[in-house]
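Q: Just passing along the structure, written as structure tokens.
The values are calculated or read from the model by the stated rules, or taken from the named source; none is laboratory data. Keep in mind that what you see is a predicted model, and the values were worked out from it rather than measured. A quick note on method: Cβ atoms are made from the backbone with ideal geometry, for glycine too, and the neighbour counts reach across all protein chains shown.
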Amino acid sequence: MPLEAGHARMYTCGPTVYNVAHIGNFRAYVFEDLLRRWLTCKGLRVTQVMNLTDVDDKTIRDSQAAGKPLADFTAQYKRAFFEDIRALNIEPAEHYPAATDHIPEMIELIRTLEDKGYAYRAGDGSVYFSIAKWPSYGKLAHLDREGMRSGVRVAADEYEKENVADFALWKAWDEKDGDVAWESPWGRGRPGWHIECSAMSMKYLGPSFDIHTGGVDNIFPHHEDEIAQSEAANGKPFAAYWLHCAHLMVDGQKMSKSRGNFHTLRDVLARGHTGREVRFELLATHYRAPLNFTFASLEAARTALRRVDEFTARLDGAAGGTAAGDLPGWARAAAERFEAAMDEDLNISAALAALFDAIREGNAALDAGALDPAGAAAVQALFRRWDAALGVLERPAEAVPAGVQALLDKRQAARAAKDWAQSDALRDEIAVLGWAVKDTPKGQVATKA
RNA sequence: GGCGCGGUAGCCAAGUGGUAAGGCGAGGGUCUGCAAAAUCCUUAUUCAUCGGUUCGAUUCCGAUCCGCGCCUCCA
């Protein structure tokens, strides 16, 4: 299936670093992470490129408002982005090219387009791509080119274009750009938005590659324009597959900065939810279906994950470090179902159904004493494979603070002496420190409340 | 208006031309010094509406209604 045997190359549209990303943005990155993990599980080597858009109208506008040089302004949001990605257990891509580091490549690409006659200069020094020269324009978005011409709004500052749908490859400097400008054969200016993805995908993945992803809102115009630029310049097909992720909704409406109905990861974390819960929530709905975000579903995610944790802990106890033997029948069936579901366009719901069935059957087997250590170890291995794909099963370790541990030790002694009053008092004391104590057959277990 | 996605139990959400996965919630049982947790079982005669094809449709076809997205800021 990949163009190059055993190697999947993917380009994933990344963030515009003018602000911290919101969890709607992260839905796309989590989806892309799931995709790259699954391809890896299938034995492919994956090269993923994610661009960082660090020069555009918004980054310029907001850096000026903040009174900071563009590079300083965007640096803080690049940092925030990588922190957030870590909190969501997203595997790093192989390359994170920033637009401002690839201006020469973009200029080179625009020159090629100019030489081949696809681009023209406007009076102010801007360079546009002429869609009239590219007949297949609009294929990805199923656009009706005739329909596009009538009734669209035409911004006053775009009068220089030959066709309203032509898009900028290079934008001539104007006052609003302040000191953000690069020299080019067309004078001072900055690149258009779309050209960076064409130039950087070409640099890191070649003219043709396997998969290109992004949010559905990027289909038009961004991806349409990328295809036109890249294929016109290279004379080769651009991406073989396009996967677009549906939106995260809030109260039935798309989550977006311009609507103001967004939550950042930081907000959600500050409310006491974990990155793992957010990841589960974003992951658990198929990428092409809209996902309505609510805090109630984050609670549901928490409960579901607790069930997973409980089971894997039981499994650890049952396996006790034994070498893996044969997978029990119910686990083998679940493994096959999971595999088939994920192969079918990442059918995550069906895959998770197989996982939860395995948990139920596993618990029943454990209750019945029907799972020997070698079998339990085999199921452990299965969960490890699943988690290589999902990145959400393994429970992040919680270090118990020394103070809490001291109280736990005291409580254990009290319990051994059957001093229940003392035991309960200590439990309350520990609760004040933010830790919940449960008594299990194996002793007390403290978890962060 | 054009293009696209979706309407399945209280909520979220798979799925198939042959009679509805899974998660959360809820109810019941087990376990337990108490608490909490856990675990097991139960929980849609029905898949937006109306027609059609068929032995049989939630699944195919047609029409209708509703929600959302894109149509040059947007993951």
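Q: Could you please find all residues in region A:46-61 being in contact with a Lys or Arg (Cβ under 9 Å, 6 or more places away or on another chain), in a helix (DSSP H, G or I) and crowded, with 16+ Cβ neighbours inside 10 Å?
A: A:Ile60
Q: Would you confirm whether any residue within region A:220-237 is within 13 Å of A:Ile107 (Cα to Cα) and either without any contact (Cβ under 8 Å) to a residue 40 or more places away in the chain or away from RNA strand B (no atom under 16 Å from the Cβ) (or both)?
A: Checking region A:220-237: at least one residue is within 13 Å of A:Ile107 (Cα to Cα) and either without any contact (Cβ under 8 Å) to a residue 40 or more places away in the chain or away from RNA strand B (no atom under 16 Å from the Cβ) (or both).
Q: Show the residue pairs meeting these rules: Cβ distance below 7 Å; 6+ apart or different chains; first residue within region A:184-205 and assigned by TED's automatic domain parsing to the domain that holds A:Glu94; second residue more than 14 Å from RNA strand B (Cβ to nearest atom) and basic (Lys, Arg).
A: Within 7 Å, the pairs are A:Pro185/A:Arg111; A:Trp186/A:Arg121; A:Leu205/A:Arg9.
Q: In addition: Inside region A:181-298, counting only strands (runs of 3 or more DSSP E) that do not spill past its ends, which hold 1 or more residues that are of a type in the set (Asp, Glu)?
A: So the answer is A:209-215.
Q: Something else about it: Can you find a residue that is in the same structural domain as A:Arg384 (by TED's automatic domain parsing), more than 8 Å from RNA strand B (Cβ to nearest atom), more than 17 Å from A:Asp387 (Cα to Cα) and surrounded by fewer than 18 Cβ atoms within 10 Å (Cβ to Cβ) anywhere in region A:338-358?
A: The answer is no; no qualifying residue exists.
Q: Of all the residues that make up region A:63-86, how many are surrounded by fewer than 21 Cβ atoms within 10 Å (Cβ to Cβ), touching a helix residue (DSSP H, G or I) at 6+ places or on another chain (Cβ under 7 Å) and of a type in the set (D, E, K, R)?
A: Summing the residues that are surrounded by fewer than 21 Cβ atoms within 10 Å (Cβ to Cβ), touching a helix residue (DSSP H, G or I) at 6+ places or on another chain (Cβ under 7 Å) and of a type in the set (D, E, K, R) in region A:63-86 gives 0.
Q: Still on this structure, please answer the following. Looking at A:Ala93 and the list (1) touching a residue at least 60 places away in the same chain (Cβ under 8 Å); (2) in a helix (DSSP H, G or I); (3) not aromatic (Phe, Trp, Tyr), which single condition is not satisfied?
A: The single condition A:Ala93 does not satisfy is (2).
Q: Name the single residue, out of those in region A:308-323 being free of Cβ contacts under 8 Å to residues at least 60 places away in the same chain and within 16 Å of RNA strand B (Cβ to nearest atom), that is nearest to A:Phe356 (Cα to Cα).
A: Among residues in region A:308-323 that are free of Cβ contacts under 8 Å to residues at least 60 places away in the same chain and within 16 Å of RNA strand B (Cβ to nearest atom), the one nearest to A:Phe356 (Cα to Cα) is A:Phe311.
Q: Still on this structure, I have one more. Take A:Ala289 and tell me if it is near RNA strand B (Cβ under 6 Å from one of its atoms), loosely packed, with under 13 Cβ neighbours inside 10 Å, outside the structural domain of A:Asp217 (by TED's automatic domain parsing) and within 30 Å of A:Asp251 (Cα to Cα).
A: yes
Q: Can you run down the residue pairs with Cβ atoms below 9 Å, 6 or more apart or on separate chains, where the first is in region A:247-270 and free of Cβ contacts under 8 Å to residues at least 24 places away in the same chain and at negative phi and the partner is more than 8 Å from RNA strand B (Cβ to nearest atom) and assigned to a loop (DSSP other than H, G, I, E, B)?
A: A:Gln253/A:Asn261; A:Asn261/A:Asp251
Q: If I filter region A:377-396 for residues that are among the hydrophobic types (A, V, I, L, M, F, W, C), at pLDDT below 90 and touching a helix residue (DSSP H, G or I) at 6+ places or on another chain (Cβ under 9 Å), do I get at least one hit?
A: no
Q: So, one more: Looking at region A:403-447, which of its residues are near RNA strand B (Cβ under 9 Å from one of its atoms), exposed (fewer than 10 other Cβ atoms within 10 Å of the Cβ) and hydrophobic (A, V, I, L, M, F, W, C)?
A: A:Ala421, the sole residue that qualifies.
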